[in-house]
Amino acid sequence: MNKLNILLADDDTDDCLFFQQALSALAEPVNFSAVYDGEQLMQLLMHETVQLPDILFLDLNMPRKNGFECLTEIKKQERLKGLPVVIFSTSGAHEHMSILFKTGANVYIRKPDNLAQLVQVIQHAFPMATEKLFSNGRLKYILNA
Amino acid sequence: MNVKHLRILLADDDIDDCNFFKDALEALPITTQLHIVHGGEELMDHLNKNTEQLPNVLFLDINMPRKNGFECLSEIKSNEKMKDLPVVMFSTSGEQDKINILFKTGADVYICKPSNFVQLVQVIHHALPMAAENIFSNGKLKYVLNA
């Protein structure tokens, strides 16, 4: 099986390193790349020739263009709207979650503060984010509720 | 825990939902052994009689007559012999306040019952490893499936 291509959009350098460490602890190796703000993310995704990732992990609080704005743009673009998006946030505010799900997010992860837990939630998120869509609408998942 | 052969206990008073659940388990790529009880009192009797061989996972409906799922969860989590039993709450409602209380009481996973069969198979398939892992990590991660 081909390696999954994982893209992370997060302006916090520590969180990016933490995420990368968690990925390298997974049983299945993956290809990883990161962008550090919303504008950079949208520039990359809008580039016609770029290969889209299999899953986008999207932080909400980013400068210039935040995660919610990015998600909204992604889900409006014909070429991008099928991209599975895992929202990755420190907040567990549930009122945000329902708006994000309505906008088209597939999975919501509240960032755990230890590495072992981060590995676990990422491991669970992969099959959830990539599972096939059914006519009656997608399932919505909150990890580390 | 042997995740290839799980012993699953379902507590749900709705016969249709029980059959739906049984069919969903059979559609999974793992073999499971299912026992069903149809009410909260029956559930607690069953657990009290089998403290030496508890199921690997309990799927617990919330709305049941006489003793509801929340009461059962509270009893299970305050009983020394049962408190490590992974509990997946299974409900038609997705009310956030209720979910938070269930997690505080010790539930590991909350599933809002999907209305179609394929989705039910999917959420059960996701829930089983989540419920199993929480035995090893003191139940620190909480999961809501089909939010």
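The values are calculated or read from the model by the stated rules, or taken from the named source; none is laboratory data. In this text the structure is predicted, and so the values were computed from the model without any measurement. Positions of Cβ are generated from backbone atoms using ideal geometry, with glycine treated the same way; all protein chains shown enter the neighbour counts.
The table below gives the values:
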quantity	calculated
Subset of the range A:45-68 that is over 17 Å from A:Ala105 (Cα atoms) and either in contact with a strand residue (DSSP E or B) (Cβ under 6 Å, 6 or more places away or on another chain) or polar (S, T, N, Q) (or both) - its residue that is modelled with the highest pLDDT	A:Gln51
Within the range A:83-102, tally of residues that are closer than 19 Å to A:Ile6 by Cβ and either of a type in the set (S, T, N, Q) or more than 12 Å from chain B (Cβ to nearest Cβ) (or both)	6
Answer from A:Leu8, A:Leu60 - the residue that is under 25 Å from B:Ala147 (Cβ atoms) and out of contact with any Asp or Glu (no Cβ under 9 Å at 6 or more places or on another chain)	A:Leu60
Of all residues making up the range B:84-97, the number that are over 16 Å from B:Arg7 (Cβ atoms) and modelled with pLDDT of 95 or more	1
Count of the range B:78-107 residues which are closer than 17 Å to B:Leu47 by Cα and surrounded by fewer than 17 Cβ atoms within 10 Å (Cβ to Cβ)	6
Residue that is in contact with a Pro (Cβ under 9 Å, 6 or more places away or on another chain) and away from chain B (no Cβ under 14 Å), where the choices are A:Leu118, A:Leu80, A:Leu56	A:Leu56
Residue within the range B:106-127 that is under 22 Å from A:Val119 (Cβ atoms), at pLDDT 90 or above, assigned to a loop (DSSP other than H, G, I, E, B) and not hydroxyl-bearing (Ser, Thr, Tyr) present	yes
Within the range A:53-145, helices (runs of 4 or more DSSP H) holding 3 or more residues that are touching a helix residue (DSSP H, G or I) at 6+ places or on another chain (Cβ under 8 Å), farther than 23 Å from A:Gln43 by Cα and of a type in the set (Lys, Arg)	none
Hits in the range A:32-44 (condition: touching a strand residue (DSSP E or B) at 6+ places or on another chain (Cβ under 6 Å) and surrounded by 18 or more Cβ atoms within 10 Å (Cβ to Cβ))	A:Phe32, A:Ala34, A:Val35, A:Leu41
Lone qualifier among B:Leu34, B:Leu54, B:Leu43, B:Leu47 - being surrounded by 15 or more Cβ atoms within 10 Å (Cβ to Cβ), of a type outside the set (D, E, K, R), assigned to a loop (DSSP other than H, G, I, E, B) and touching a strand residue (DSSP E or B) at 6+ places or on another chain (Cβ under 9 Å)	B:Leu54
Some residue of the range B:95-103 being over 20 Å from A:Met97 (Cα atoms) and within 11 Å of chain A (Cβ to nearest Cβ)	no
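Matching residues to (1) farther than 19 Å from B:Ala131 by Cβ; (2) under 14 Å from the mean Cα position of the chain (by Cα):
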residue	(1), (2)
B:Asp17	no, yes
B:Leu25	no, yes
B:His35	no, yes
B:Asn48	yes, no
B:Gln53	no, no
B:Phe59	no, yes
B:Asn63	yes, yes
B:Val87	no, yes
